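The values are calculated or read from the model by the stated rules, or taken from the named source; none is laboratory data. All values reported here derive from a predicted model rather than from experimental measurement. When we count neighbours, we look across all protein chains shown, and the Cβ atoms used for this are built from the backbone with ideal geometry, even at glycine. Surface accessibility is based on the protein's heavy atoms, side chains included, excluding ligands, DNA and RNA. Shrake-Rupley method; radii C 1.70, N 1.55, O 1.52, S 1.80 Å.
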Amino acid sequence: MEDKTPAPPRVVVDEPLDGRRRVLIDGADVGVVVSPDELRRLLHRAGVMEEAAPLDNPELIEWNGGGPDDWPAAPR
């Protein structure tokens, strides 16, 4: 029997660039974030996850250039 359960969206968070991290969902650019809270809000609005969900789920989020704890200060 074939599993017809849809795969969760694939989220990619690119490496920090001047404190900002570009976010892609299923290959589509959905924005730039500067903090874990901002990322949670963006993913919640996109319907990808609950706002309080952990960001260290490798089945959902692929981190490039540092993980969920790597947030260099954004320029002012």
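Among the listed options (1) 3, 12, 9, 10, 8, 8, 8, 6, 6, 5, 5, 5, 4, 4, 3, 2, 1, 0; (2) 3, 16, 28, 26, 14, 6, 4, 2, 1, 0, 0; (3) 3, 16, 22, 19, 14, 12, 8, 4, 0, the one matching P(r) over Cα pairs in 5 Å bins from 0, in percent as calculated from these coordinates is (2).
Computed extension gain for ASN57 through ASP29, at 0.36 nm per residue and net of the alpha carbon distance, reaches 8.1 nm. Compared with the dominant principal axis of the Cα atoms in the chain, helix 36-45 is inclined by about 40°.
Were the residues from HIS44 through ARG10 laid out at 0.36 nm apart, the gain over their Cα-Cα distance would be 10.8 nm. For the chain, the per residue solvent-accessible surface stands at 68 Å², with DNA, RNA and ligands left out and a 1.4 Å probe. For the chain, a crude dipole built from +1 on the beta carbon of Lys and Arg and -1 on the beta carbon of Asp and Glu, taken about the Cα centre, is about 340 debye to the nearest 20.
Between GLY31, TRP63, PRO8, the Cα set farthest toward the positive side of the dipole of the chain (charges on each charged residue's Cβ, about the Cα centre) is that of GLY31.
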